[in-house]
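Derivation of every value follows stated rules applied to the coordinates shown; laboratory data play no part. Note that the structure is predicted; figures quoted are calculated from it, not measured. Methodologically, a virtual Cβ is constructed for each residue, glycine included, from the backbone with ideal geometry; neighbour enumeration extends over all protein chains shown.
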Amino acid sequence: MPICELAEAMRESLTRSLFHAEPSDICVSQEDISRCVPLAGILTQLGFDSLMSQHLAACLIDNDPCRPQYGACPFFHARFVYALKDYEDPWQYTAKWRDFSYEIKHRRRFYDESGVKFLADLFGNADQLPFIELHPNGEGFRIYRSRKASDRGQAEEILKDPSTQLFAPPETKAVEGRMNPRGVSLFYGASREDIAVSEVRPSVGSFVVVGQFRPTHKLKLLDLPSLEKNLPDVPQSIFAEDFHRIVARRGFFRQFHSNIIQPVQPAHEALEYIPTQAVAEFVIHTLRFHGIVYSPVQNGIGNPTGVNFAIAPKTYLGWFHTPHLEFIEGSAELLQVTAIQHTTNPQLSERSS
């Protein structure tokens, strides 16, 4: 292959993988100076010998499609210096997620073919995604579920029939949640009692009934907190097939879990939960997981010692259904909230900025 044809085949990958600027723009510290080199130097770093690097650089510079005489700034120029990007730039997926979220919140509730294609590309093959299996005979394992009562009288009524009152609500009474739209029932639970209580946002003095559940059969749940740790390794070469898609997806998933569990004010839940509801629907009905594992929202984002569960409560076969979880008899207890601890972050107001 002629050298300039090879240079053209490399142009897009190089453009997406390099910083470029005048030396005075980015090479200001000693560390930057050691990283920023002429284009031929970058090509040498990528494995080409010195002579080949010089020829390739000349082809890229001479044939740059942007012409300064027309007011366009070229990417490849003899006076520029370059450095390889050393981070996983998620812009490709961040932009698509932003567009998907806006479309489903403000344009159409039911995502179209492009929405399905985006989610399929984002999550990839279900067999390659991290998951947690829950087993009915898992020794000592419990899922805690709580329900906030309006007063002690309602709490006593819940305790009379906790297996029903603490289970996922019937479809006709299901309100929208982080992972479910109104009318679609999901079972929300937690791995610890304190997390289950905090997730229903009780006030001081209020009553909460907590019960324990276990799986009736093996359940497979998508493990959202582990997504970023279980992605394919980045190829060693920027010219490898799908290199930029892989690094962009890895970079996006480093943010995705924390974005999806951001606290939402009650007045905004109906709208802001729509994208996460769409993700849950895709995970359960298309990828065929029984549910999702995610970090606590009210008990501290990224809590390393506990998780939340959002589980489809039943498997349906026509009009027949099989519950995925069962109540553990004698586990229900009535709690009254006596204190709540808050963690805050200082926020700069727009007026004072």
Dipole of the chain [Lys/Arg +1, Asp/Glu -1 at C-beta], most positive-end residue of 164, 146, 42
164
Over segment 89-218, what is the relative contact order in whole percent, taking alpha-carbon pairs under 8 Å and six or more residues apart?
33 percent
With a sphere of radius 14 Å drawn around the Cβ of residue 135, what net charge do the other residues whose Cβ falls strictly inside it have (Lys, Arg +1; Asp, Glu -1)?
+1
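Mind listing which trypsin sites (Lys or Arg not before Pro) in segment 222-280 are in a DSSP loop and have 12 or fewer other Cβ atoms within 10 Å? Can you show the working numbers first?
On the way: sites: 229, 245, 249, 250, 254; in loops: none.
In loop regions of segment 222-280 (DSSP not H, G, I, E or B), there are no sparsely surrounded trypsin sites (Lys or Arg not before Pro).
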Approximate shape of the chain as ellipsoid semi-axes (Cα gyration tensor, √5λ), whole Å, largest first
52, 23, 18
At a Förster radius of 56 Å, what calculated FRET efficiency corresponds to the Cβ-Cβ distance of residue 125 and residue 334, to the nearest 0.05?
0.75
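Considering Cα pairs under 8 angstrom that are at least six residues apart, work out the relative contact order of the chain and quote it in whole percent.
Details: 525 pairs, mean separation 72.7, N = 353.
Across the chain, relative contact order equals 21 percent.
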Give me the Kirkwood hydrodynamic radius of segment 43-185, using the inverse of the mean 1/r over all pairs of distinct Cα atoms, in Å to one decimal.
22.7 Å
Which residue, chosen from 195, 104, 338, occupies the Cα position most advanced towards the positive end of the dipole of the chain, where the dipole is computed from +1 (Lys, Arg) and -1 (Asp, Glu) charges on Cβ about the Cα centre?
338
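For segment 43-196, what is the number of Lys pairs with C-alpha distance below 19 angstrom, counting only pairs 8 or more positions apart or on separate chains? Write down the numbers at each step before the final one.
Working: 96/105; 96/117; 105/117; 148/160; 148/173.
Within segment 43-196, the lysine pair count is 5.
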Please order 1, 10, 179 by the number of other Cβ within 10 Å, starting at the fewest.
1, 10, 179
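Using a Förster distance of 35 angstrom, determine the FRET efficiency expected from the C-beta separation of residue 259 and residue 141, and round it to 0.05. Intermediate values should be presented prior to the final figure.
Working: r = 29 Å, r/R0 = 0.82.
Efficiency, rounded to the nearest 0.05: 0.75.
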Hey, got the Cα dimensions of segment 131-282 along the principal axes, in Å, largest first?
67, 41, 30
Scan around residue 18 for amide H atoms under 5 Å from its own, H built in the peptide plane at 1.01 Å from N, and keep only partners 5 or more places away or cross-chain.
85
Computed on Cα atoms, Rg of segment 138-179 relative to 2.2 N^0.38 Å comes out at 1.38
Mean-position separation - Cα centroids, segment 211-289 and segment 126-178, in angstrom:
22 Å
Gaussian network model of the chain, Cα springs within a sub-10 Å range: biggest mean-square fluctuation belongs to which of 94, 305, 286?
305
Of the residues 55, 252, 315, the Cα lying farthest along the dipole of the chain towards its positive end, which is defined by charges on the beta carbon of Lys, Arg, Asp and Glu, belongs to 315
Comparing 160, 218, 314 in a Gaussian network model of the chain (Cα, 10 Å), the one with the largest mean-square fluctuation is 160
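Grab the Cα-Cα distance for residue 112 and residue 157, subtract it from 0.36 nm times how many residues apart they are, and report the gain in nm with one decimal. Numbers along the way, then the final one.
Values: separation 45, 0.36 × 45 = 16.20 nm, distance 4.38 nm.
So the chain would gain 11.8 nm between residue 112 and residue 157.
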Of all trypsin sites (Lys or Arg not before Pro) in segment 164-209, which ones are in loop regions per DSSP and have a Cβ with at most 13 other Cβ atoms within 10 Å?
182
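Using packing as a proxy for protection, rank 117-124, 132-139 so that the peptide with the highest average count of other Cβ atoms within 10 Å comes first.
Numbers: 117-124: 15.5, 132-139: 12.6.
Output ranking for 117-124, 132-139: 117-124, 132-139.
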Once you've got the GNM for the chain with C-alpha springs shorter than 10 Å, pick whichever of 237, 226, 146 has the biggest mean-square fluctuation.
237
D (Stokes-Einstein, µm²/s), Kirkwood Cα radius, segment 117-193, 0.890 mPa s at 25 °C
157 µm²/s
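Do the sum for the chain: with -39,500 (n - 2.57) for every DSSP H run of n ≥ 4, divided by all residues, what is the mean residue ellipticity at 222 nm, to the nearest 500 deg cm²/dmol? Don't skip to the end; give the middle numbers.
Working: 13 runs with 122 residues, N = 353.
Only helices count here, giving -10000 deg cm²/dmol.
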Could you work out how far apart the two model spin labels at residue 98 and residue 173 are, taking each label as a point 7 Å from the Cα in the direction of the beta carbon, and quote it in nm?
4.2 nm
